[in-house]
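The values are calculated or read from the model by the stated rules, or taken from the named source; none is laboratory data. None of the values given here were measured: they were computed from a predicted structure. Counting neighbours? That spans all protein chains shown, and the Cβs are built from the backbone with ideal geometry, glycine included.
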Amino acid sequence: MLTSQLLNPESIVVVGGSADTGKPGGNVIKNLLAQGYTGKIYVVNPKSAEIQGIRCYPDVDALPDVELAILAIPAAACVEAVEILARKKHTRGFIIFSAGFQEESEAGARLEKQIAHTINETGGSLIGPNCIGMMNTHYTGIFTGAIPPLSPQGVDFITGSGATAVFLVQAALRIGLPFASIYSVGNSAQVGVEDVLEHLDETYVHGQSAPVKMLYIEHIRHPQKLLRHALSLNRKGARITAVKAGSSQAGSRAASSHTGALATPDVAVDALFRKAGIIRCYGRTELALTAGLLLQPLPKGRNMAIVTHAGGPAVMLTDVLSAGGLQVPQIEGPKAKALLEKLYHGSSVANPIDYLATGTAEQLGHILDACEHDFTNIDAVAVIYGNAGLTEVESTCNVLLRHMLTAQKTIYAILPSAHNAVTELPEFVKNNRIIFSDEVLFGRTLVNVLSQQYRISDEKQDEYILPDTERAKISEIITTAPDGYLPPDKVQGLLDAAGIMRARERIAATSAAAVQAAKELGYPVVMKVVGPVHKSDVGGVTLNVRSDSGVQEEFARMMQIDGATAVLLQPQLSGTQLFVGAKREPNFGHLVVCGLGGIFVEVLKDVSSALAPCSVSEALHMIRSLRGYKIIQGVRGQEPVNEAAFAEAIVRVSQLCCAAPGIAELDLNPLLAANNQVVAVDARIKITTHDENSAFTD
């Protein structure tokens, strides 16, 4: 909960205020005054009577009641100051710039915890410590420079890194990206990224609130909370883009299953963002460009016109868009010829539309009019306009801006000649138009945005539950099982309880029992050793056994394998090999993965992922995202896989995991798709019921 005193305070005290604007306590006062804060400002500094025209108090005890406190004093002094402000001065908003807390030492962590405890007890809100502050349209409680334009229709930016905020704002100023608010949460002693997003969700009014949310996250502390509020914001009409840093850290722990090796923490982040409808970025520039694109109406289709007077950039943009699945369709016919007659000799309207380096502002206007009204196969326009020093810039920029403000089709301005248009570009910014300087970065960002417009499902959580999943039976098996890999009979019980179709099988502890099992199942059979986890690695799988003597021979051989306790027999089946697995990722819940079996998993690692629970639509999206999807569709006479049956297996695995949080790893590899069915042939399930991370956290 963010208090009104933090968000819109009527009075602010800067504790540790300074006349030196090179210090945090000095520059924040300068920012508050320069940006027109209308409330009362107090300063605490025992060494001065007045700072920047504001009366100073010797200590916080001498202050009147004050709503928001900004602390720029040593960490050790913050504890007492917060205690007095919270309990005596009724302060309910706190921003602590100071470092020296949990990021530095255990002693600092204790100080931070004590401060958070006091603020929690008194019903306040805390941003920081170890942050650059926050600002919104009411005040600029931030100690850095380069204050961006603030508008309710700008971007809300939440960041765990103050330096990233500074650098990103500077990049945003260059492209004209406006902000509604910036929250630098620092150590997140009380308020973290997820908490701010919760507030933005609960107060969101479409058409009035900032339509785009931008996140920089180093640690996702509450994945389910992030998911819930991101989904809610998307459903209300907002859009979210984020950088999750730290993806290369040692998170791919040693695992004993295919799923465990493939389902890394960063894959879980990808799955979380997909489910939440968050567009993932990997750097500051990409993040700012993505937010800029999201502030503008997105094309209704995938057909782009590229307008340029420079051939090379247009070719590069065409390559990027085409590789990303967008179209740069040919423009032809009588209306194209009519446009060409208005341009200089040597121009081209085929798309890209090249009106030459000597092209005029009037000609650009004709082109944009034609794209808007005449060319029905065009959904949006990218204009690459630089300046080679041959023509003046102002009239062309004015024409471009006028069309950007009035056209129904989105027009993107790519203006690389900042030096030659230094006086014209601010007009775009002033009119809330985003400008791009590099056509390739623009193209890649647009492709990413359009490809990541994930479906925000309206399905309720209980609609994911399959009615024939025997949750009580699943719970009984899990709670009575020891940690480790389950024996085959328990695995079979879980699959049956979850409604997952599996191959018939028998377990034999003697040679005679193995022969009898083979006769019951019908020859040919598959024999697998029971005991070792990786059966193939130890020679524990034999296919196509066709006789009693063959069963006896293989039984004897397999029982000599180290760790063997029995032999499992199944009928020999054939079909397309598939794979479904799941892994419990700490705090995130279960990550479900699917793919083609065999080499596609082990070598090519061609898998798709989603967080449980998975809906049928999510499962179908996973299947159709595979690089090997054409094999699933059927190639060269091969029978296609029943996608609905494959999707059902994925959904049922996700439900099994939701019903059994103690499942640490699960592999169905392979499943065989044949005769319009998808059947689990081999399965292993690892249980870790005593893991403190066996359930979601929120």
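Kindly establish whether Leu71 is crowded, with 21+ Cβ neighbours inside 10 Å and in contact with a Cys (Cβ under 6 Å, 6 or more places away or on another chain).
yes
Taking region 509-542 only, how many residues are in contact with a Pro (Cβ under 8 Å, 6 or more places away or on another chain) and assigned to a strand (DSSP E or B)?
Summing the residues that are in contact with a Pro (Cβ under 8 Å, 6 or more places away or on another chain) and assigned to a strand (DSSP E or B) in region 509-542 gives 3.
Is at least one residue of region 44-66 in a strand (DSSP E or B), surrounded by fewer than 15 Cβ atoms within 10 Å (Cβ to Cβ), assigned by TED's automatic domain parsing to the domain that holds His90 and on the phi < 0 side of the Ramachandran plot?
yes
From the set of residues in region 1-28 that are under 35 Å from the mean Cα position of the chain (by Cα) and outside any helix (DSSP H, G or I), which is nearest to Leu68 (Cα to Cα)?
Within region 1-28, the match that is nearest to Leu68 (Cα to Cα) is Pro9.
Among (1) closer than 21 Å to Phe588 by Cα; (2) in contact with a strand residue (DSSP E or B) (Cβ under 9 Å, 6 or more places away or on another chain); (3) surrounded by fewer than 24 Cβ atoms within 10 Å (Cβ to Cβ), where does Val196 come up short?
With (1) closer than 21 Å to Phe588 by Cα; (2) in contact with a strand residue (DSSP E or B) (Cβ under 9 Å, 6 or more places away or on another chain); (3) surrounded by fewer than 24 Cβ atoms within 10 Å (Cβ to Cβ) applied to Val196, the lone miss is (3).
Per-residue answers, yes or no, for (1) closer than 14 Å to Gly186 by Cβ; (2) of a type in the set (A, V, I, L, M):
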residue	(1), (2)
Arg87	no, no
Arg92	no, no
Phe97	yes, no
Ala116	yes, yes
Phe143	yes, no
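Examine region 642-653 for a residue that is part of a strand (DSSP E or B) and either of a type in the set (S, T, N, Q) or crowded, with 23+ Cβ neighbours inside 10 Å (or both), and state whether such a residue exists.
No - not one qualifying residue is present in region 642-653.
When you look at Ser18, is it under 28 Å from Ala109 (Cβ atoms), surrounded by 13 or more Cβ atoms within 10 Å (Cβ to Cβ) and hydroxyl-bearing (Ser, Thr, Tyr), yes or no?
Criteria met by Ser18.
For region 654-686, how many residues are in a loop (DSSP other than H, G, I, E, B) and either in contact with a strand residue (DSSP E or B) (Cβ under 9 Å, 6 or more places away or on another chain) or of a type in the set (Lys, Arg) (or both)?
The number of residues fulfilling the criteria is 5.
So, in region 548-577, of the ones that are hydroxyl-bearing (Ser, Thr, Tyr) and in contact with a Pro (Cβ under 9 Å, 6 or more places away or on another chain), which residue ends up surrounded by the fewest Cβ atoms within 10 Å (Cβ to Cβ)?
This residue is Thr565.
Show me the helices (runs of 4 or more DSSP H) entirely contained within region 279-353 in which 3 or more residues are more than 30 Å from Pro211 (Cα to Cα) and modelled with pLDDT under 95. Walk me through it before giving the result.
On the way: elements: 284-295, 311-323, 334-340.
Because the criterion is at least 3 residues that are more than 30 Å from Pro211 (Cα to Cα) and modelled with pLDDT under 95, the helices (runs of 4 or more DSSP H) in region 279-353 that meet it are 311-323.
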